[in-house]
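See structure below.
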Amino acid sequence: MSYVVLDGPDGCGKTAQARELCAWLRERGLQVLHVREPGSTPVGEALRQLLLSPRTGHLQPITEALLFSAARAELVANAVAPALANGQWVVAERCYLSTVVYQGLALPEARLEVDWLFDLTRRVHGPCLPERIFVLDVPAAVARARRQARSDDRIEQRPPEYHERVRQGFLAAAAREVRASVVDAGWPFATVQANLRARLAELLPREILPPDRAARGGGGAPS
């Protein structure tokens, strides 16, 4: 069992990559729970609607941080922790890094201390912290182009300079978080997926790896 996260700016491709990654893990006989933040619990989905609906209007950054953290608390307690206790793998879209970035690093005028946000959002997890966080990095202009096929939510509607700060914020947050690593998500989908599988193979039980990979200790390109 393991708890891994795909995070990054809106439009980085985390939802599609997470779905494909879950399918790959299930093909190897693993039980996998795919969750999203905010969401994947009744309270989380209600808070998602409130936080992302354009009709909500402006919220104070501290309000957003606390509401995202509340949704996360419900997700960890009612979905992630029970799944791990039952021996399942958990693949999540987003984690505490998103709160640090979107409500902190990308909003310097809010004056929310980054160390305080890190502490708050990680405390919500308790001992149930992700084993790996993969930050999918794409330039803000590329992410914006990828989002054109859908309607922007309340946060996606913020100006381009905000989303550039989001990208830089994720890179800065990943640099200081030992669980996080950056994945270049500007490549074609299949290339990014192969990169994620190769990194995730380090966590897989040796008995389900292809023979050549097991002999090398789980490294190399994915099958």
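For the chain, the longest principal axis of the Cα atoms and the long axis of helix 61-75 meet at an angle of about 30 degrees.
Summing charges over all other residues whose Cβ lies under 13 Å from the Cβ of Arg48, with Lys and Arg as +1 and Asp and Glu as -1, gives -2. Annotation for the range 123-188: chymotrypsin sites (Phe, Trp or Tyr not before Pro) lying in DSSP loop with at most 13 further Cβ atoms inside 10 Å of their Cβ do not exist. When the Cα positions of Val32, Ala46, Ala77 are compared along the charge dipole of the chain, Val32 comes out farthest toward the positive end, with charges on each C-beta of Lys, Arg, Asp and Glu. For the chain, modelled as a GNM whose springs connect Cα atoms under 10 angstrom apart, the maximal fluctuation among Pro82, Pro160, Pro188 occurs at Pro188. I'd like the FRET efficiency for Trp116 and Ala46, computed as 1/(1 + (r/R0)^6) with the beta carbon distance as r and R0 of 22 Å, rounded to 0.05. Efficiency for this residue pair is about 0.25. Translational diffusion coefficient of the range 21-70 (Stokes-Einstein, Kirkwood radius from Cα pairs, 37 °C, 0.692 mPa s): 259 µm²/s.
Spatial offset of the range 121-178 relative to the range 1-41 amounts to 15 Å, using the alpha carbon center of each.
Taken over the range 1-125, the alpha-carbon convex hull comes to 99 cubic angstrom per residue. Between the residues Val4, Leu117, Ala106, the greatest Cα displacement towards the positive end of the dipole of the chain, with unit charges on the Cβ of Lys, Arg, Asp and Glu, is found for Val4. Go ahead and set up a Gaussian network model of the chain, Cα springs under 10 Å, then flag whichever of Gly44, Gly186, Gly11 fluctuates most. Fluctuation is largest for Gly186.
Note on Ala172 and Leu129: the model spin-label points, each 7 Å out from Cα along the C-beta direction, lie 2.1 nm apart.
Computed from the C-beta positions of Arg55 and Arg150 and an R0 of 22 Å, the FRET efficiency is 0.85 to the nearest 0.05. Residues whose amide H comes within less than 5 Å of that of Ala106, counting only those at least five positions distant or on another chain, are absent (H built at 1.01 Å from N in the peptide plane).
Phi-derived couplings, Karplus 6.51 cos²θ - 1.76 cosθ + 1.60 at θ = phi - 60°, listed residue by residue for the range 31-48: 7, 10, 10, 9, 10, 9, 10, x, x, 6, 9, x, 5, x, 5, 5, 5, 4 Hz, with x used for Gly and Pro.
Annotation: amide H-H contacts under 5 Å for Arg36 (H modelled 1.01 Å from N, sequence separation of 5 or more, or interchain): Glu93.
Coordinate-derived values only; no laboratory data. Note that the structure is predicted; figures quoted are calculated from it, not measured. Note that we place each Cβ from the backbone using ideal geometry, even for glycine, and neighbour counts take in every protein chain shown.
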